[in-house]
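Notes follow once the structure below has been shown.
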Amino acid sequence: MAVYTLPELPYDYAALEPVINPQIIELHHDKHHAAYVKGANDTLEQLAEAREKEQWGGINGLEKNLAFHLSGHILHSIYWHNMSGDGGGEPLAADGVGDLADAIAESFGSFANFKAQLTKAAATTQGSGWGVLAYEPLSGHLIVEQVYDHQGNVGQGSTPILVFDAWEHAFYLQYKNQKVDFIDAMWAVVNWQDVARRYEAAKSRADVLLLAP
């Protein structure tokens, strides 16, 4: 039985126009995200077979594959809800997301500073990857991370709350090789209500990092 399943989109394929066209959303969700789900489930089966047969020659590749596909599944599951056709702007207390706005100002100095850093992080990720706003539980601050090939530059224990997909499959049909233009356009569909909910949930989890007994 499959451990992971492809979540349904919270909107129709055309909901994010003109920032992202329907063809991209359909292919991205139904093909690319689905492939990560299948890859994670297939790798779990292969690991189970390796345990049963006590054959560990391929363990390095299997563990890397699991990280790759599982990260793809998790990040995409956040990505779809991070966006809304009614999104954009910046988080404001008047919209009920004042705690998030305060946290961004405290962690980065200002919303403008944060926006510039996340934009640059997403646009300059080596190869394929993501720009990520994450809650870091050790400091209680928000940080920006780069995730390249679903594998690197991530602080252990940090919780992603806003993700910008910078893989070519997320934008190439519409933006061609202009990744920066796509990242700039993404700010017009950020669902700050969703980001704020994720921030509150991450912040409320006590002892998420057990650094000492």
Would you point out the residue of the range 156-193, among those that are open to solvent by 10 Å² or more (accessible area, probe 1.4 Å) and within 14 Å of the chain's Cα centre (by Cα), that is farthest from Ser84 (Cα to Cα)? Ser158
Just to check your reading of the model, which residue among Leu16, Leu6, Leu27 is touching a helix residue (DSSP H, G or I) at 6+ places or on another chain (Cβ under 9 Å), assigned to a loop (DSSP other than H, G, I, E, B), of a type in the set (A, V, I, L, M) and open to solvent by 60 Å² or more (accessible area, probe 1.4 Å)? Leu6
Any idea how many residues of the range 89-121 are surrounded by 16 or more Cβ atoms within 10 Å (Cβ to Cβ), of a type in the set (Gly, Ala, Ser) and in contact (Cβ under 8 Å) with a residue 12 or more places away in the chain? 3
How many of the residues in the range 35-65 are under 18 Å from the mean Cα position of the chain (by Cα) and open to solvent by less than 30 Å² (accessible area, probe 1.4 Å)? 4
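The values are calculated or read from the model by the stated rules, or taken from the named source; none is laboratory data. All of these numbers come straight from a predicted model, not from anything done at the bench. We place every Cβ from the backbone using ideal geometry, glycine too, and count neighbours over all the protein chains shown. Quick note on the areas: whole protein, heavy atoms, side chains included, nothing else; ligands and nucleic acids left out. Shrake-Rupley method; radii C 1.70, N 1.55, O 1.52, S 1.80 Å.
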